[in-house]
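Right, one structure below, let's go through it.
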Amino acid sequence: MQSTEILRRLLASLAYRTRHAVNETPVGFDEFEAGMETRTPLEVLNHINGILALTRDLYLGKKPTPSEDLSWMEAVEKFHQRLRQLDKVFVESAPPDDDTVLRIVHGPLCDAFTHVGQLLALRRLFGAPVTPANYFRAEIENGSLDRNQPVPV
């Protein structure tokens, strides 16, 4: 399997997992403060968006561009937009050398997955946990990056 297809599967997996963290969030969740200087869910989501922009720039060999702070709904939409942009870059650009691909995986993409885990933990702390999912059995397809992901199994 080519590195491009693996990177695309990681993006689709990120979209799938993030769906559970951000869809149907209760009122007030975006500004929830868990304490001890923990980021709010909105700050986490805006950070994930910055990570995705950084990933695109690193892949293209460009200087990183700063990311903006958005409202919750804007940040959710921006998240899916950034995934689509990055997927397009993966499809249309020549893949970088293997070392760069591996650095993108173990750097920004793993970081983004970690922050999705934070969002899920914050939902539980907020009193609105998500239904557990079996990610091995999940219907995840490359290019499936929108909000309307399949319901978890």
* To do: Among the residues of segment 83-136, write down those that are touching a residue at least 12 places away in the same chain (Cβ under 8 Å), among the hydrophobic types (A, V, I, L, M, F, W, C) and more than 16 Å from Ala12 (Cβ to Cβ).
  => Val101, Leu119, Leu120, Leu122, Leu125, Phe126, Ala128, Val130
* Structure fact -> Ala75 fails exactly one of (1) in contact (Cβ under 8 Å) with a residue 60 or more places away in the chain; (2) under 16 Å from Asp146 (Cβ atoms); (3) of a type in the set (Gly, Ala, Ser), namely (1)
* Structure fact -> In segment 52-68, anything surrounded by fewer than 18 Cβ atoms within 10 Å (Cβ to Cβ) and in contact with a Leu (Cβ under 8 Å, 6 or more places away or on another chain) is listed as Pro64
* **From the options Ser3, Ser71, residue that is buried (at least 16 other Cβ atoms within 10 Å of the Cβ) and hydroxyl-bearing (Ser, Thr, Tyr)** => Ser3
* Restrict the check to segment 138-151 and report whether at least one residue is in a helix (DSSP H, G or I) and touching a Leu at 6+ places or on another chain (Cβ under 9 Å). => no
* Within the group Thr100, Thr55, Thr114, Thr4, which residue is modelled with pLDDT of 95 or more, polar (S, T, N, Q) and assigned to a helix (DSSP H, G or I)? -> Thr114
* Asked: Does segment 19-51 hold any residues that are modelled with pLDDT under 95, surrounded by 15 or more Cβ atoms within 10 Å (Cβ to Cβ) and assigned to a loop (DSSP other than H, G, I, E, B), and which are they?
  -> Thr25, Thr38
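The values are calculated or read from the model by the stated rules, or taken from the named source; none is laboratory data. Since we're looking at a predicted model, the values are computed, not measured. Positions of Cβ are generated from backbone atoms using ideal geometry, with glycine treated the same way; all protein chains shown enter the neighbour counts.
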